[in-house]
Each structure stands twice: as structure tokens, then as C-alpha cells.
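What follows is one structure encoded as C-alpha cells, with my remarks underneath.
The values are calculated or read from the model by the stated rules, or taken from the named source; none is laboratory data. Predicted, not measured: the structure shown is a model, and the values here were computed from it. Cβ coordinates were reconstructed from backbone atoms using ideal geometry, including for glycine residues, and neighbour counts include every protein chain displayed.
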Amino acid sequence: MRIISGKYKGKKLIQPVDDLTRPLKDMVKESIFNLIIHSNKAKIDIEKAEVLDLFSGSGSFGLECISRGAIKVVFCENYQPAIKILKKNIKSLNQDKKIDVFDEDIFVKLGNKDFVSKFDLIFLDPPFKESKIDELLNLIYQSNILKKNGIIILHRNKKDNILFDKKINIIMEKVYGLSKIYFFKL
């Protein structure tokens, strides 16, 4: 696992050693960023973006955003072994002023409306066993933390059959191997 582009291109990231954290594969991550940069449907200027990385794991997605010039990345992860790895990966970039880490249950944090910022990009990579995806998207909607032209990206197993609430606007779906990536606007 590595950073694929930007200031820290080629930097290796520490990976989790257990099976409870599933790192985002480099090929999938690269495809997501190509769509963010080049697609008219999901275009975000990463160099001006504030990013929320939910279920961060080792931080691969958010750190890629930092490498590509994001203004700010907020990581949320509550699995302690993953948080240790996340913090080591963050420290290796020496970009503390651009990064916040919350080690809280995201359902509680969103339900309490604890975020003071709004985000251009929200990346969700919950465990594939997580079944409350629609609840999570509704909490994001209710907490009003996505900027007007912002997007949400969700990484799921391609076999998942999720029925999304009608207020969730799917703008793109892509399949890469076992992964299915959804792009939303609210």
C-alpha cells in the first residue's frame, strides 16, 4: 500500500496486520481519484478540498488527499489497532496542521452534529459487514456537513444490495474486482 500521486508519491504506508481492517487497494484508489479529477459528474478540486475520511483504517484515502494538496482532512476511526497505524502513517508525512483525527463512533458523532466544518468530499469505507449504510447516509444528510457541490464516495462489496433513500442521488457506480464504488450528491 502506497501513496500513488502528489507530494508524497511512492511513500509506503503501514498496513494493518489483522483481518478486521481492509485497506483500499491501490488500483481502486487510483480509479477513484481519476474519476474525481476527470469526471464531469464527480469533479472536485482536491487542492481546494476539505475531506472527511470515515472508517479511515490506515488512512490511505485521506493521506492520498493530503499528498494531492487537500486543505484539510478529518479522519474518523474507532478501532484502536487501526488508529495506532493511522497515527503512524500521519506522523510519517509531517502534515499535522492539515489533519484532525477522531477516534469516536461515527454514528454518535454525526448524530450529535459534532462537526463544525463542511466538507467538499466525504469518503466512506465501512467494514463490508456494516449493514447501517442508509442510516449513515441519512445522518450525513441531517447533519448538513456536505458542501453544496460536494460528493460522497462509498466503498462496498460488489455483492451488496443496498436500497438507498430517495433523497440520496447516485451519480455514478463503478465496479473494480470485488469492490463497488458509489458516488453521491445530496
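Details
- Restricting region 31-51 to residues that are outside any helix (DSSP H, G or I) and in contact with an Asp or Glu (Cβ under 9 Å, 6 or more places away or on another chain) leaves a set whose member that is nearest to D105 (Cα to Cα) is V51.
- Residue identified as surrounded by fewer than 16 Cβ atoms within 10 Å (Cβ to Cβ) and modelled with pLDDT of 95 or more among K9, K48, K97, K72: K9
- Subset of region 109-137 (residues that are under 24 Å from R22 (Cβ atoms) and assigned to a helix (DSSP H, G or I)): K109, L110, I133, D134, E135, L136, L137
- Which listed residue, of I36, I3, I14, is within 15 Å of G62 (Cβ to Cβ) and surrounded by fewer than 19 Cβ atoms within 10 Å (Cβ to Cβ): I14
- Residue in region 82-91 that is surrounded by 13 or more Cβ atoms within 10 Å (Cβ to Cβ), assigned to a loop (DSSP other than H, G, I, E, B) and under 16 Å from the mean Cα position of the chain (by Cα) present: no
- Given (1) crowded, with 19+ Cβ neighbours inside 10 Å; (2) more than 19 Å from L24 (Cβ to Cβ), index of the condition E104 fails: (1)
- Given (1) surrounded by fewer than 18 Cβ atoms within 10 Å (Cβ to Cβ); (2) free of Cβ contacts under 8 Å to residues at least 60 places away in the same chain, index of the condition G59 fails: (1)
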